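Trainee: Please read through the structure below; I'll follow up with questions.
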Amino acid sequence: MDPIEHYVNLETRRKFLGKLAMGFGTAAMSSLLPGSATAATSLNPPGQGLSNGMLGATHFAPKAKRGIYLFMSGAPSQLDMFDYKPRMTDLFDTDLPESIRNGQRLTTMTSGQSRFPIAPSIYDFQQHGKSGAWVSELLPNTASIVDDIAIIKSMWTEAINHDPAITYIQTGNQIPGRPSLGAWLSYGLGSLNDNLPTFVVLNSTWTGRQEAQALFTRLWGAGPLPSQHQGVALRSDGDPVLYLSNPHGVSGDIRRLMLDGVSEINEDIFHEFGDPETHARISQYEMAFRMQSSVPELTDLSDEPDYIFDLYGPDSRVPGTFAYNCLMSRRMAEKGVRFSQIFHRGWDQHGALPKDLPNQCRDVDRACYGLITDLKQRGMYDDTLVVWGGEFGRTVYCQGELTQTNYGRDHHPRCYTMWMGGAGVKRGVVYGETDEFSYNITKDPVHIRDLNATILNQFGVDHQQLNFQHQGLDLKLTGVEEAHIVKGVLS
Amino acid sequence: MAEKKGSILAVQLLGGLCMVVLWWLSGYGLLDGEPQDTLWRFLGRFHPVVLHLPIGMLVLLLVLEFMGLRRPDSKVSELIPLVLGVTIAVTLLAVATGTMLAYGEGADEPLVQDHMRNGIWLAMATVMLGVLRTLPSRGTYYLVLLAAGALMVITSHQGGSITHGRDYLTEYAPEPLRRLLGLEVEEEVTAARVEDLVVFEHLVQPIMEQNCVSCHNPDKLKGELNLETFSGHLAGGELGPAVVPFDVDASELLFRITLPEDDEEFMPPDEKTPLNEEEISLLAWWIAQGASADQTVGALGPMPAQVDDYVTSVFKQMITPEERARLEDAQRELYATLASIRAEYGILIQPVEAGADEFTIETHAVRNAFDDGMLKLLEPHARSFVAADLSGTRLTDGGVSSLANFVQLRSLNLSRTELVGSTLGELAALPDLESLNLYGTKIDGAAVEQLGQLTQLKQLFLTQTPLEDAEALEQLRQALPNCDVQTTAQISPLTEADKTAKSYESS
């Protein structure tokens, strides 16, 4: 429902008379705002009947029921993992041609360098699967699933530093404060299982470079959307959700009684002020109460057989690892969590790439294979969307000292590699091309906005039609600029 | 007096000359169908500007003559020579511009030829009127005047038909009048089901009428092609058949409507609205399925989603308003009933998309409570569901007989339920069931006979069941040759244990 209309409906007569001018003002304004009452929503009004989320029903039949987003924070080096550039070997330590860089702005970490020597990848690349996709030796297990995924080599963004870039890809805007992808999905589509959060975030340990960028809760925040749509970050140690267990001496019945009492008081507050956040708070208390039984069941991996741990690799037995989180994500998808996002940090290889990158890759490689294979064997891969990638790419030229065995790479927004799979995504395709320096895109560019539009599309959502009125704007995940569905990776 | 006789003679001579010229023009065969980029084309376009003048003048002439006959002493008769003179002049002007227009634009279809011939005859008739009016006896004059009036009606109607299409006047004529005129009367489509629509008549033909027939009709026959009839599609035109059954690529019609819009060969030409994606996909589907004249939607092969959407939207337009209202009421009621089930039992029921009559079931939130009895609650609405995810519920073999009533199901997830498979054969009653997920159930080799009956399946998940290790598995694969039977061995190709080892080397 239109928030202003919603608010006006909440007004009591007393309040209406008390604030007459404002009352008339908002009533008139609500009739001027573009209505969302289409035939479809009148059949299935949001928040009532069969509706499950503010859209009432998906715009078109969805391919994806659920999604798992594997976020590599720090920007993985496409040059050492997926984007094979054999000619760079001959150009070792030669300067990157100005015609390729073409005056592009650089970060202050390398803009002062006197030269930009080319650092070829020291890793061996081979073609894999029927698709013949090139994958480096750092990802032997991912290489065995290339026929199940679509690799996009032509991702790009405008941001050149981590925080704006990750905020941009997560929320559609470089400036903090917009709702994240998961929050939009929760807001628009609602829950598949009311006993569990709709959007869950899992943070992982990592073994590469330990000085990594901080992750802020706003990356999975709800922005101006009602706050129950923000991601619920589960902890891997102790209680997955802090203070979820009842304190000693408080039984479930007493807790229930207390919640009912608090709800009543909150409802009174709501009637007095009409602030929708009060309802968000009530629903969060209720969700926490239901999670008291559903979350421990979710995070108790003791019912997983050994062959499952084998599938995800030995790390999957260690709480907090990426592999453990992948297994958790699959459990959540199976039990009706709409969207989970795993963050894995430490991909910011400015220097000592050969020391750190193999560890980073080892953290995720087996688990990615395990996740896809597990989803496949459970028949869930057809309606679960999996996305893998970071906020931007890395440069072909070396940051710092270049030797035959050691190099570093700076941030590179003009091209990088991500992959996606499952739920209506073509299997075994490599989409987009870059020039021989992996510096500029030569074919089928995919902006991060296009990726977000495509993700929404797989969930049955038209990215133009999922919006929220806030401060005079119709907020959308894809913003005001044009976004295109990446049809080339969809079946 | 001699002067007047002289001028009468001049009029008669001039009239005779005009007649000869016009007679020659009507027989010359000037129209060759080639557009001319000359002054003629520019001048010809003034035809619509002047053509209404002879119509008005001739009517005025008829009125004046009629009034003159009734009251011979009336002064109006004095106007007649002037009006007649102007009539002749503007008729000749209309013929001249019309001839230039047809020649310049390269129009040569039968309707234009007829219009031109009649126009010339009309001009001859008016010239003749001028000559006849100089004679003392008026009998012939009146006869020709009436004939000219009749010819004017016919000619101007033909002209209008060239511009607006032949049925422009009668398109919205009331039904009784249409019957009286012997015109085709639109029959209400009585098909109660989408499947009963005749693909050519109800789907293809309307697209043709909307977009193609204004040029490709028996009168205009642009490119010698007539798309008004079914046989015309197959017969085609100058470039061979427009439609080749079963062969989309060889069908000129599809080729021309799918060219880039700025291509010279693109159809429909000249800024006319191009066919949209759905219309094109429908035509492609119809051709690929054999371009039949009388087969119904139900009789032809499976429809791609886009075609399905289009057919449904056409069907919704075709049903009567009363029927539509009834369907909408029924839909609203269905939504309300399902919503009450959802509210009461916590089963997630969702329309597959906005406004759909097909629903999906998900039972995650109530999986520990969902058993055969709860499934029975959904049975009264079984036909509304196309997908059911009952994974992890307490469903047993006893519930399968209920599932057999969900005849619209395309996808059924029974993974991690308490099934052992002794009754799965009953699912053979679900004709559209494509995907069945039995992951993690206890079904074993004994279930093969039951599963073997499900020949409609395209995808069957048997991973992590005792059955996938049973010898009977091969037997099942043979019983279901069209089904992708998924087992652990097939899904997990990674047998080289060293892959893990290798990825850990570097640490």
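Trainee: Of all the accessible heavy-atom surface of chain A, with the other protein chains kept in place and a 1.4 Å probe, what percent is carbon and sulfur?
Mentor: So the carbon and sulfur contribution to the accessible surface is 54 percent.
Trainee: Need one number: buried accessible surface between chains B and A, 1.4 Å probe, both sides summed, DNA, RNA and ligands left out, in Å² to 100.
Mentor: 3600 Å²
Trainee: Mind checking region B:64-170 for chymotrypsin sites (Phe, Trp or Tyr not before Pro) that DSSP puts in a loop (not H, G, I, E or B) and that have at most 16 other Cβ atoms within 10 Å?
Mentor: For chymotrypsin sites (Phe, Trp or Tyr not before Pro) across region B:64-170 that sit outside H, G, I, E and B with at most 16 neighbouring Cβ atoms in 10 Å, the list reads B:TYR168.
Trainee: Tell me, what % of the accessible area of region B:194-318 is carbon and sulfur with a 1.4 angstrom probe?
Mentor: Carbon plus sulfur share of accessible area: 51 percent.
Trainee: Relative to the longest principal axis of chain B, what angle (0 to 90°, nearest 10) does the C-alpha long axis of helix B:321-345 take?
Mentor: 20 degrees
Trainee: Shifting gears a bit: Averaged across the residues of B:344-352, what count of C-beta atoms belonging to other chains lies within 10 Å of each residue's C-beta?
Mentor: Rounded to a whole number, the mean comes out at 5.
Trainee: As an exercise, use a Förster radius of 25 Å and the Cβ-Cβ distance of B:HIS157 and B:LEU17 to find the FRET efficiency, rounded to the nearest 0.05.
Mentor: 0.25
Trainee: Only Lys, Arg, Asp and Glu count, each charged at its Cβ (+1, +1, -1, -1), so figure out the dipole size of chain A about its Cα centre, rounded to 20 debye.
Mentor: Dipole of chain A, to the nearest 20 debye: 520 debye.
Trainee: Evaluate E = 1/(1 + (r/R0)^6) for A:ALA280 and A:MET109, where r is the Cβ-Cβ distance and R0 equals 35 Å; express this FRET efficiency to the nearest 0.05.
Mentor: Once the sixth-power term is evaluated, E becomes 0.30.
Trainee: Next question. Tell me which of A:SER144, B:GLN289, B:LEU254 sits at the most positive position along the dipole axis of the protein assembly as shown, charges placed on C-beta atoms (Lys, Arg +1; Asp, Glu -1).
Mentor: B:LEU254
Trainee: Per DSSP H run of n ≥ 4, the term is -39500 (n - 2.57); total these for chain B, divide by its residue number, and report the mean residue ellipticity at 222 nm rounded to 500 deg cm²/dmol.
Mentor: The helix contribution divided over chain B gives -15000 deg cm²/dmol.
Trainee: A:LYS476: which aspartates and glutamates have alpha carbons under 12 Å from its alpha carbon, excluding same-chain residues fewer than 8 sequence positions away?
Mentor: Leaving aside aspartates and glutamates fewer than 8 places away in the same chain, those within reach of A:LYS476 are A:ASP462.
Trainee: Additional query: Taking the highest mean first, how do the peptides A:183-189, B:205-211, A:426-432 order by number of other beta carbon atoms within 10 angstrom per residue?
Mentor: A:183-189, A:426-432, B:205-211
Trainee: Which of B:GLY68, B:MET152, B:VAL90 sits closest to the plus end of the dipole of region B:62-175, meaning its Cα is farthest towards the positive end, when Lys and Arg get +1 and Asp and Glu get -1 on the C-beta?
Mentor: B:GLY68
Trainee: Another question about this same structure. Would you calculate, for chain A, the mean residue ellipticity at 222 nm contributed by helices, counting each DSSP H stretch of 4 or more residues as -39,500 (n - 2.57) and dividing by all residues, to the nearest 500?
Mentor: -10500 deg cm²/dmol
Trainee: With both bridge residues required to lie in chain A, what share of the DSSP beta bridges run antiparallel, to the nearest 5%?
Mentor: That works out to approximately 50 percent antiparallel.
Trainee: In whole angstrom, how far apart do the alpha carbon centroids of region A:254-295 and region A:83-130 sit?
Mentor: Cα centroid to Cα centroid, the span is 55 Å.
Trainee: Now, a different point. Here is the link list: A:LYS376/A:LYS487; A:LYS63/A:LYS487; B:LYS222/B:LYS272; B:LYS376/B:LYS458. Which ones come out longer than 25 Å on Cα distance?
Mentor: B:LYS376/B:LYS458
Trainee: Taking beta carbons within 10 Å but only from partner chains, what does the mean come to for residues B:361-367?
Mentor: Neighbouring Cβ atoms belonging to other protein chains average 5 per residue here.
Trainee: Right, here's the next one. Going by Cα centres, region B:30-46 and region A:141-184 are how many Å apart?
Mentor: Cα centroid to Cα centroid, the span is 61 Å.
Trainee: If I take R0 = 22 Å and measure r between the Cβ atoms of B:GLU379 and B:GLU358 in this structure, what FRET efficiency does the formula 1/(1 + (r/R0)^6) give, to the nearest 0.05?
Mentor: The pair B:GLU379/B:GLU358 has a calculated efficiency of 0.85.
Trainee: If amide hydrogens are placed 1.01 Å from N in the peptide plane, which non-local residues have theirs closer than 5 Å to the one on A:GLY190?
Mentor: Counting only residues 5 or more places away or on other chains, the set is A:MET54.
Trainee: Would you please put B:434-442, A:467-475 in order of how densely packed they are, using the mean number of other Cβ atoms within 10 angstrom per residue and starting with the highest?
Mentor: B:434-442, A:467-475
Trainee: Roughly how many whole Å is it from the C-alpha centroid of region B:267-338 to that of region B:365-438?
Mentor: Between the Cα centre of region B:267-338 and that of region B:365-438, the gap is 31 Å.
Trainee: Can you order the peptides A:298-308, B:338-348 by their average number of other Cβ atoms within 10 Å per residue, highest first?
Mentor: B:338-348, A:298-308
Trainee: What do you get for the angle between helix B:52-70 and the principal long axis of chain B? Use alpha-carbon atoms, 0 to 90 degrees, nearest ten.
Mentor: 50 degrees
Trainee: A further question on this structure: What average number of partner chain Cβ atoms lie no more than 10 Å from the Cβ of the residues making up A:194-205?
Mentor: 1
Trainee: Any chance you could give the angle, 0 to 90 degrees and rounded to 10, that helix B:305-318 forms with the longest Cα principal axis of chain B?
Mentor: Approximately 60 degrees, to the nearest 10.
The values are calculated or read from the model by the stated rules, or taken from the named source; none is laboratory data. What you are looking at is a predicted structure, and each value in this text was computed from that prediction instead of being measured. FYI the Cβ positions are ideal-geometry reconstructions off the backbone, even for glycines, and counts take in every protein chain you see. What goes into the accessible areas is simple: the full protein's heavy atoms, side chains included, and nothing from ligands, DNA or RNA. Shrake-Rupley method; radii C 1.70, N 1.55, O 1.52, S 1.80 Å.
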